[in-house]
Every structure is written in structure tokens, then in C-alpha cells.
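Undergrad: First, the structure itself, so that you have it in front of you.
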Amino acid sequence: MTRLSTTICAMTFQGNASNRLQQDAFFFVDDYYQEAIGITPVHRCDDAFCVAVSDGVAESNLSQYASLKTVKTVKQLWQNYLDNSNQSAVMDISKIYEKVATLPKRFYGASATLALVYRPLAKASETNPPIVIKHIGDSRVYHFSAMTKTWRCITRDHNLLNQLIDEKAENENRQADFGEYNQDGMASPMYALTDCLIADSDLDNNPMPTFDSQTLKVSSDDCLVVCTDGVHDLVPCDKWQSIDKHTDLQAWLKQLRKQIYASEGRAYDNATAILVRFDEH
């Protein structure tokens, strides 16, 4: 089997956020960012890689500190892993939770989401280790299949709507179908987050949030998008462009940015998206 490399590009902008704050933050390959930098240069990784987005929840005007602490901690954990790849817990979410929970008291109530994607270092017996995806809240990961030429969401938002869907399925003695999750067009209170990273060291009031973890096998020319809700709330993935091995990743993200500004919501929120394409050497 051919070893897959990754080509990665990111986009972030403040948009027309009513609080005029940049509360998105992201980790991109080897460093974190929280400024409206537009579209990054394209980066290539032949082995392990890590990317993450964190959206400061707008109920607090201090949530940018929670999202920044989140991606700072992602950087620390990723560097620790690269320095010692034999450790049992890679990218331990509980450590990110602890760092955000113990922010100084003046930041209490600040909160953030997280969507994290990484490929670990290949072991001797592996050519392409599975991609690991971990998330809390409503930042999402989307997968583009080179075989079907379609985008699909592969993460379940941690919100009231999806909690009610799970409760209904449980009452019916069944597992909820993934297609039932992340519905559009419901009343806004239904999208209230049930889990996120919150600054508050009283662990009785702020227990470790629920997070989801999964692995994904990818093929050549498959892609991932890791993004905040300022992207997917305004431009659903069935409106995204297709993509292939010849696609200019910066141009693809520029088109997505145009779509966000032209949408009915007119870029009412910060927006961050990281595009990852898997390429044969």
C-alpha cells in the first residue's frame, strides 16, 4: 500500500460578528493562531500531522481566552507526543479540559468547543495509520470520499437537539441513526450546547464534558474539513465544491469564504476551516 502524505491549508476570518471579537482559534501543524489571518500557505506533511479548531462560545465576551487556551494546550500535547511517541494517551482531552477549567477567575464562564484531527506516527507494521478525530461541542469534521465525490459530516454536535434525539431512540429501544443528528431549521434554543470546555475550577459545577472519539481510514484523494459553526451554519456541505488531486486548496477555501459572505447569514460569525487532502507520494 502506498504511503499517503497530507496537503493542508487553513482559513479564518472574523466575519460580521456582532461582538466584534475574534473568538475562533486554531492549531495548524505546529503552531496556534487567533487572528483574522485569511488563508494560510499550503503545508505538506509526509508523516504525522495534527490540526484543530476551537470556537469561543459567544455567550461570554471572554470566550476567546477559552478557545486560545484550548489550542495552546493542543500544541503542548502534540509536541509532547512527537517528543515521546510511546506514551499511552495521545492528545488526552482531559488535559485540555483541566487547562481551560483552571483559567484565572476573571475568565470564569468563558467556554469553547473543540474539533481535533490527527494522524499518529506510523508504527513499523503500518503504512497509513488511521486518522483520529476527537470533538466537543458543535465544531465539526467533514469527510470527502474520492470514491463517491460527496461531502458528509462525521461528527455529532453536543447540543440539546441531538440529546433529545438520543433520548427518543432510547425510549424506542434502538440506537439513533447518524442521519437523524445535526438537523437544520429548528428553533435556536434546540442548538444550545450540552457539552463544551468551560473556565470554572469548581469541578462539581463543571465536570469533565462528554467528548466523542473515532478513527477513520482514508484513501488517496479523500479530504477532511475541520470547521467552526460559522462555516457549517451558513453553507451546508452539500453546497461545497467537489475536490480532487488537482484542486488548489487556497482557491477552494477562497470560494467557501465567498459563499459564507453571500449566504443568508452574511458571515454573522467568525469562521475557521482547515482543509486536509490525502495524496499518494
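The values are calculated or read from the model by the stated rules, or taken from the named source; none is laboratory data. All values reported here derive from a predicted model rather than from experimental measurement. Note: ideal-geometry Cβ built from the backbone for every residue, glycine included; neighbour counts use all protein chains shown.
Undergrad: So N205 ticks every box in (1) within 22 Å of A110 (Cβ to Cβ); (2) outside any loop (DSSP other than H, G, I, E, B); (3) modelled with pLDDT under 95 but one. Which box is left unticked?
TA: Here N205 clears every test but (2).
Undergrad: Which condition breaks for Y118 when tested against (1) closer than 23 Å to V218 by Cβ; (2) touching a residue at least 40 places away in the same chain (Cβ under 8 Å); (3) part of a loop (DSSP other than H, G, I, E, B)?
TA: The single condition Y118 does not satisfy is (3).
Undergrad: Being surrounded by fewer than 23 Cβ atoms within 10 Å (Cβ to Cβ) and out of contact with any His (no Cβ under 6 Å at 6 or more places or on another chain): is that true of Q23 here? First the steps, then the outcome.
TA: Working: surrounded by fewer than 23 Cβ atoms within 10 Å (Cβ to Cβ): no; out of contact with any His (no Cβ under 6 Å at 6 or more places or on another chain): yes.
Spelling it out, it is not the case that Q23 is surrounded by fewer than 23 Cβ atoms within 10 Å (Cβ to Cβ) and out of contact with any His (no Cβ under 6 Å at 6 or more places or on another chain).
Undergrad: Sticking with this one: Of everything in the range 56-79, what is surrounded by fewer than 20 Cβ atoms within 10 Å (Cβ to Cβ) and hydroxyl-bearing (S, T, Y)? Give them in sequence order.
TA: If the condition is that a residue be surrounded by fewer than 20 Cβ atoms within 10 Å (Cβ to Cβ) and hydroxyl-bearing (S, T, Y), then no residue fits.
Undergrad: Something else: Of everything in the range 167-197 that's charged (D, E, K, R) and surrounded by fewer than 12 Cβ atoms within 10 Å (Cβ to Cβ), which residue is farthest from the chain's Cα centre (by Cα)? Even if it seems obvious, please write down each step before you answer.
TA: Pass one, the range 167-197, residues charged (D, E, K, R): 167-168, 170, 172, 174, 177, 180, 184, 195.
Restricting the remaining residues to those that are surrounded by fewer than 12 Cβ atoms within 10 Å (Cβ to Cβ) gives 167, 170, 172, 174, 177, 184.
Values: E167: 25, E170: 28, E172: 31, R174: 28, D177: 22, D184: 19 Å.
Here the answer is E172.
Undergrad: Could you list, in sequence order, the residues of the range 49-65 that are out of contact with any Phe, Trp or Tyr (no Cβ under 7 Å at 6 or more places or on another chain) and aliphatic (A, V, I, L, M)?
TA: Scanning the range 49-65 gives V57, A58.
Undergrad: Which residue, of T12, T6, is of a type in the set (S, T, Y), modelled with pLDDT of 95 or more and closer than 20 Å to L114 by Cα?
TA: Numbers: T6 fails: closer than 20 Å to L114 by Cα.
Selected residue: T12, the only one of T12, T6 that is of a type in the set (S, T, Y), modelled with pLDDT of 95 or more and closer than 20 Å to L114 by Cα.
Undergrad: Considering each residue of the range 138-178, count those that are closer than 18 Å to S213 by Cβ, outside any loop (DSSP other than H, G, I, E, B) and in contact (Cβ under 8 Å) with a residue 60 or more places away in the chain, and give that number.
TA: So the count comes out to 5.
Undergrad: Within the range 249-260, can one find any residue that is touching a residue at least 12 places away in the same chain (Cβ under 8 Å), crowded, with 20+ Cβ neighbours inside 10 Å and among the basic types (K, R)?
TA: So far as the range 249-260 goes, yes, one or more of its residues are touching a residue at least 12 places away in the same chain (Cβ under 8 Å), crowded, with 20+ Cβ neighbours inside 10 Å and among the basic types (K, R).
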